[in-house]
Amino acid sequence: RQNNIIQTDLGIAKRLFLVLTAATVTLIASGTGLLMLQVYNLLSELGLSFFDTFSILINTSVGTTWLLRIVTSVLILVLAPVQYVLVRKRKDKVEGTSTSISAKKIINIVLYAILILGSINIISNSMVSHNAAAEFLPLLAISVDWLHMMAVSIWLGGLFYISLILLYAIRVSSNNPEYEINSNTKEKTMIVRNSFSLAIMLPYFSMIAVVSLGVIGISGLYMAWLQLQSIGSLFDSTYGNILVIKLCVISPMIVLGAYHQIKLHYVMVQTAQRKESKPQEQFESIPNNLQQRDGKDSYISKGGRYDPFRRFSKTIKIESLIGIAVLVITSFLTITSPPSMVHSDSQMQMDMQEGSGLVNSNLGSSIGGSGDNNQIIPAITDVFTITALILATTVFFVTLYYYRKSKQGLKITVDLLQSNKK
């Protein structure tokens, strides 16, 4: 059994290595491609050589963020195979020795380093985002953007990790030769063990997802307040329209997450509670709403038993694909000027027409970080501001409620499954 666990860890490490490598190579290629595109755009405008234009751009904030992105990505690209090699070496050592314990610590340190480098990489996006141009507390705006992207990365990254790695680990660990008494008993045992693993995992991930969604909701409302400036901008601006589409696409993900946690989790607990010592009694009855309606139900195993692991495997992959669509839509937001920038540019043009005095006043206020920002930030008594505050408060309390509910659900699940094993 110990050898089976090590083999599972090695499979997880290999998949994680492939995912990290593909992600970092994509980051390096896309980041460098965007920089080259900006260089060529400036090259035609300035009439300089490629190297002169590149040297100018590399000394700006754009160049700084590119270097930060490349350095962190390369470091992750170096650490990813290191983590895999450490796991592979650990496989060849005798478990229970001090060397094995030391290897575990080193592997954990490498994984934490990758997480920290990933969070720093995300900062590079926030430094060149629309919030970086905000005149109202720009450092706060950049920090909120970073928190927003971190929460999105944790939520969507968790979905991808479950889809690509964790489900594989559960499937492999359950397929243990130790339990291969006969094909029928093996199938029943695998269904119970897979359901047990998922029944424990789902409440854990639910707590993470709930907190992430809460941070996404509150930070998103702040950024919407900063960039849209009015409720009407949601519908009469391109930026607002894309944001509405993004929210509409996210909604099915939230619905699927609720389905996993409320309905499918209950079925997993019920399945996992069936004792392995009485295989012939484990699946004598299936709830009416889970009965096989026809012979083509892909969630029914070959033996005619309902398998929640199969259903979850399909729905979590659908949720992950929707998450990719959300990221694609978000990319359009990054290249679309928000109403705040449009209003700021219009105001600047009006000031230039009125006289140089107003121009100097606006420049002084933007450089010094002080001055009249009423043209850029809505008043505290503005309807949009009040609506955003009410929604943010609602999101906070809803997040707190469902976090506590998920925590209680985890405790109840563990107690039920442990009592069933006694």
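Brief remarks on what is shown
- Picking from residues in segment 126-142 that are in a helix (DSSP H, G or I) and open to solvent by less than 60 Å² (accessible area, probe 1.4 Å), the one that is nearest to residue 73 (Cα to Cα) is 126.
- Residue match in segment 89-96 (condition: surrounded by fewer than 17 Cβ atoms within 10 Å (Cβ to Cβ) and modelled with pLDDT of 85 or more): no
- Here residue 139 qualifies as within 20 Å of residue 61 (Cα to Cα) and modelled with pLDDT of 85 or more.
- Residues located in segment 38-88, provided they are modelled with pLDDT of 85 or more, under 21 Å from residue 133 (Cα atoms), of a type in the set (Val, Ile, Thr) and under 27 Å from the mean Cα position of the chain (by Cα): 64, 65
- Only one of 48, 34 that is farther than 22 Å from residue 115 by Cα, outside any helix (DSSP H, G or I) and not basic (Lys, Arg): 48
Residues checked against (1) at pLDDT 50 or above; (2) of a type in the set (Ser, Thr, Tyr); (3) surrounded by 11 or more Cβ atoms within 10 Å (Cβ to Cβ); (4) assigned to a helix (DSSP H, G or I):
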| site | (1), (2), (3), (4) |
| --- | --- |
| 322 | yes, no, yes, yes |
| 326 | yes, no, yes, yes |
| 329 | yes, no, yes, yes |
| 344 | yes, yes, yes, yes |
| 377 | yes, no, yes, no |
| 381 | yes, yes, no, no |
| 393 | yes, yes, yes, yes |
| 405 | yes, no, yes, yes |
| 412 | yes, no, yes, yes |
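The values are calculated or read from the model by the stated rules, or taken from the named source; none is laboratory data. All values reported here derive from a predicted model rather than from experimental measurement. As a convention, Cβ positions derive from the backbone with ideal geometry for all residues, glycine included, and neighbour counts pool all protein chains shown. The protein model used for the area step is the full one, side chains on, heavy atoms only, and it has no ligands, DNA or RNA in it. Shrake-Rupley method; radii C 1.70, N 1.55, O 1.52, S 1.80 Å.
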